[in-house]
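One structure is given below, encoded as structure tokens.
The values are calculated or read from the model by the stated rules, or taken from the named source; none is laboratory data. This is a predicted model, so every value here is computed, not measured. When we count neighbours, we look across all protein chains shown, and the Cβ atoms used for this are built from the backbone with ideal geometry, even at glycine. Calculation scope for accessible area: heavy atoms of the full protein, side chains included, ligands and nucleic acids excluded. Shrake-Rupley method; radii C 1.70, N 1.55, O 1.52, S 1.80 Å.
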Amino acid sequence: MRDILSLMQRKTLAERLWAKVDKRGPIHPVLKTRCHLWTGATVRGYGVIGLGSRKEGIGYVHRVAWKLYTGKDPVDQVLHKCDVRNCVRRSHLFEGSASDNVTDMVQKRRNNFGERNGRAKLTDRDVARVKKLREKGMTQAAIAAMFGVKQNTVSRILSGVRRSKTSYFVR
């Protein structure tokens, strides 16, 4: 009898999700609307919710919200226009591929390419100087020694394999 009562009192997935959403989140500067923030459990900043039984596991709340909004499972990924991992506002979500996710990341400069990578040995300015010095005839080995990197690093910069987006801004 107790199991029947607990089943009757159990809330639906939608009820459990929306009960933990704060619609008073920050106003996004570009979208001009508030984020609807998940206030429950998170994993790496993404909201998570139990999908039902232990066997069903947990799901990311932005994916669950997408299914509740559209009535269908996302084909690939659900991305955030606002870049707020625990936001579930419909107008801030869109469906996309892994490639779309990377493109979005690069366009919004959320990547750590170039000098923003904590392990980078050369700044963008250094890379531009490497290219200029090579144009002036200096050998790759001499350039590498000057900057304290391997000759292979200089070669990869010059061939465009590494740091190809760095502009020439050094005179």
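Applying the selection to the range 26-40, what residues are in a loop (DSSP other than H, G, I, E, B) and either among the β-branched types (Val, Ile, Thr) or more than 18 Å from Leu68 (Cβ to Cβ) (or both)?
So in the range 26-40, the residues in a loop (DSSP other than H, G, I, E, B) come out as 26, 28-33, 35-36, 39-40.
Across the range 26-40, the qualifying residues are Pro26, His28, Pro29, Val30, Leu31, Lys32, Thr33, Thr39.
What pairs come up if the first residue lies in the range 131-142 and is closer than 14 Å to Thr153 by Cα, the second is of a type in the set (S, T, N, Q) and open to solvent by 50 Å² or more (accessible area, probe 1.4 Å), and their beta carbons are under 8 Å apart, counting only those six or more places apart or on different chains?
Gln140/Gln151; Ala141/Gln151
Looking at (1) surrounded by 12 or more Cβ atoms within 10 Å (Cβ to Cβ); (2) at negative phi, which is the one condition that is false for Ser99?
Only one criterion in (1) surrounded by 12 or more Cβ atoms within 10 Å (Cβ to Cβ); (2) at negative phi is unmet by Ser99, namely (1).
How many residues, within the range 119-130, are without any contact (Cβ under 8 Å) to a residue 24 or more places away in the chain and of a type outside the set (Asp, Glu)? If you could, list the steps in order and put the result at the bottom.
Narrowing the range 119-130 to residues without any contact (Cβ under 8 Å) to a residue 24 or more places away in the chain: 119-120, 123, 126.
Next, only the ones that are of a type outside the set (Asp, Glu) stay: 119-120, 123.
Qualifying residue count for the region: 3.
Might you check whether a residue that is open to solvent by 80 Å² or more (accessible area, probe 1.4 Å) and farther than 19 Å from Pro29 by Cβ occurs anywhere in the range 76-89?
Checking the range 76-89: not a single residue is open to solvent by 80 Å² or more (accessible area, probe 1.4 Å) and farther than 19 Å from Pro29 by Cβ.
Which of the residues belonging to the range 81-131 are modelled with pLDDT under 90, part of a loop (DSSP other than H, G, I, E, B) and touching a helix residue (DSSP H, G or I) at 6+ places or on another chain (Cβ under 9 Å)?
Within the range 81-131, Arg109, Arg110, Asn111, Phe113, Ala120, Lys121, Leu122, Thr123 qualify.
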